[in-house]
Amino acid sequence: MKSDGASKLKSVLAGGGFAVTAECGPPRGANAEIIHRKGEWLKSCVDAVNVTDNQTAVVRMSSLAACLHLLELGIEPVMQMVTRDRNRIALQSDIIGAYSLGIRNMLCLSGDHQSLGSQPEASNVFDIDSVNLVHAVRVMRDEGKDMSGFALNGAPEMFIGAAENPFADPLSYRVVRLAKKIAAGVDFIQTQCVYDLPRFREWMRMAREEGLTEKVYILAGITPLKSAKMAQFMATKVAGMDVPEAVIKRMAGVTGPKAVEEGLKIAIETIAELRAIPGVRGIHIMAIEAEERVPDLVKAAGLMPRPMK
Amino acid sequence: MIVAKQKPIAEIKEMLRPYQKVLILGCGTCVKTCFAGGEDEAATLGAALRLAFGQESKSIETEELTVERQCEDAFIQEAAQAVARNEAVLSLACGAGVQAMARRFAKSVLLPGVNTTFIGVLEKPGLFTEECSGCGDCDLDTFGGICPVTRCSKRLMNGPCGGSKNGKCEVSPDIDCAWQLIIDRLTALGLQGNLKRYIPAKDWRPSLAGGPRRLLREDHVI
Ligand code: SF4
Ligand code: SF4
């Protein structure tokens, strides 16, 4: 089932399609069933599935292994890689290994700091940063060389992604950093979850003004809220998240299953708004342990069947 | 300066338990400035230990002495006789001081009385902050005098991560985001151009990654 060709995500985007990707968190254990289950939910409704890399600094099944499980189900994975846990030698070797196994997309991240995770006593690595990682993958792909300049026997032809957070500070610098990532070689960007549309629009406007939306595919992040509590938690406890008061209030007005529905409604409305913003080339759904709801969301947002123009 | 913090009395007590006669050796420079191991601290610690052991009817003799710098042999020499008179030395110097002592006094037990914490500055009375990791290749010129190696929790060299909020680091609201500081300062200096520069993967060889470092000044070798 290994894909021998190029990235399908790339072809959807290059073909002018509105891409849909979703995130899948691997289990905190060796039970591959969970990956299979999530994969089945996501299979028909997205173009590619991101597999997180020890997300929130919590030990999980490795991104590489979980990507392979998805490949076996015929799903195209986007392997996420953080620089927190591996030095440049391990990162490069995993990239080469991943490509040899059929992985065609990767997302370069620095990763949440381990002090926010379940093992704050761990030593971090941060040998290189996410921009360096983007650059390294680009050179591996386009020049066939590793970071030492050694000519690789087989270049990993990755479609290279990175994350951006339009809601982190300072706003003025977020676009400079995006430009830096583009110069380093990034092909696509997946953003932090969008709740604050005005700020997101402002960031997109700045990116367009710099001509950046011509150079990179931007996929806007979506996380359906499940409850007012979750909205509150995201607003206060999650690094780099921005949930406006109005959204929290809206969620507070409903409870139980109604809240879940309200969360979906907000997500659907947000997707409609995002599709109207020039330069937004797709969405990236981070359902956080609610992957079973993604098919309904994609359908309700009018983005089925996949892929679409 | 090197910033250090005295170890908890209980931990020191357990280290000293096997000995009757102990030299508490203060260091008169960095650790003195951060109230961890100068003359005053050596005296107070001696009294506290005698009292603590006294309560469990164990007698211990302590002698207190402070030299200017335990990381320098010329000053270490001043402690030679006191070291010889005692069974063990509780050094209140930083780790370098303790090791310099261990190097000089081959037959003496050397025990650390402080936890060596970081290279930092006195930001305001009572507050010491880490500023430098001694990475061996200083890039403060690029970053407007604010070190991302040390002060960015993720050692990011190409701008802030997505966790920066209201000028604070994602790790804690008590930590300034180094990148916010760098951006503000470079902007104020009219050096925004630096922010656009791609900083390649850092060469860590001059740093810890290269094994123990040495600095040889040929011109000073005798
Ligand atoms: S760049 Fe290196 S030497 Fe300079 S302040 Fe930072 S850690 Fe210290
Ligand atoms: S919030 Fe700022 S200081 Fe903290 S890790 Fe991110 S960039 Fe570094």
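The values are calculated or read from the model by the stated rules, or taken from the named source; none is laboratory data. Because the structure is a prediction, the values reported are computed rather than measured. FYI the Cβ positions are ideal-geometry reconstructions off the backbone, even for glycines, and counts take in every protein chain you see. Keep in mind that these areas ignore ligands, DNA and RNA; they rest on the heavy atoms of the full protein, side chains included. Shrake-Rupley method; radii C 1.70, N 1.55, O 1.52, S 1.80 Å.
When B:ASN166 is tested against (1) open to solvent by 40 Å² or more (accessible area, probe 1.4 Å); (2) more than 8 Å from every other protein chain (Cβ to nearest Cβ), just one condition goes unmet, and that condition is (2).
Step by step: first the residues of the stretch A:99-126, then only those that are away from chain B (no Cβ under 11 Å) and under 23 Å from A:ILE182 (Cα atoms), then the one that is most open to solvent (accessible area, probe 1.4 Å). Which residue is that? Only one residue tops the list, namely A:TYR99.
Across the stretch B:180-189, the qualifying residues are those that are within 27 Å of the chain's Cα centre (by Cα) and more than 8 Å from chain A (Cβ to nearest Cβ), and the one among them that is nearest to ligand 1 (Cβ to nearest atom) is B:ILE182.
Results for (1) part of a helix (DSSP H, G or I); (2) free of Cβ contacts under 8 Å to residues at least 60 places away in the same chain; (3) closer than 28 Å to B:GLY211 by Cβ, shown as yes or no for each residue.
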residue	(1), (2), (3)
B:GLN99	yes, yes, yes
B:ALA102	yes, yes, yes
B:ILE119	no, no, yes
B:GLU130	no, no, yes
B:PHE143	no, yes, yes
B:LEU156	no, yes, yes
B:GLY162	no, yes, no
B:ASP174	no, yes, no
B:LEU181	yes, yes, no
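Screening B:PRO148 on (1) within 10 Å of ligand 1 (Cβ to nearest atom); (2) under 22 Å from B:CYS94 (Cα atoms); (3) surrounded by 20 or more Cβ atoms within 10 Å (Cβ to Cβ) shows it passes everything except condition (2).
Each row is one residue, and each column tells you yes or no for (1) within 8 Å of ligand 2 (Cβ to nearest atom); (2) open to solvent by 70 Å² or more (accessible area, probe 1.4 Å); (3) in contact with a helix residue (DSSP H, G or I) (Cβ under 9 Å, 6 or more places away or on another chain).
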residue	(1), (2), (3)
B:GLU170	yes, no, yes
B:ILE183	no, no, yes
B:LYS196	no, yes, yes
B:PRO200	no, yes, yes
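Only one residue in B:THR150, B:THR129, B:THR142 is at pLDDT 95 or above and farther than 24 Å from A:THR83 by Cβ, so which one is that? Reasoning before the result, please.
On the way: B:THR150 fails: farther than 24 Å from A:THR83 by Cβ; B:THR142 fails: farther than 24 Å from A:THR83 by Cβ.
Exactly one of B:THR150, B:THR129, B:THR142 is at pLDDT 95 or above and farther than 24 Å from A:THR83 by Cβ, namely B:THR129.
Looking only at residues in the stretch B:123-156 that are within 15 Å of ligand 2 (Cβ to nearest atom) and small (Gly, Ala, Ser), the one that is farthest from the other protein chains (Cβ to nearest Cβ) is B:GLY144. Only helices (runs of 4 or more DSSP H) whose full extent lies in the stretch B:31-85 are considered here, and the ones with at least 2 residues that are surrounded by fewer than 18 Cβ atoms within 10 Å (Cβ to Cβ) and touching a helix residue (DSSP H, G or I) at 6+ places or on another chain (Cβ under 7 Å) are B:39-55.
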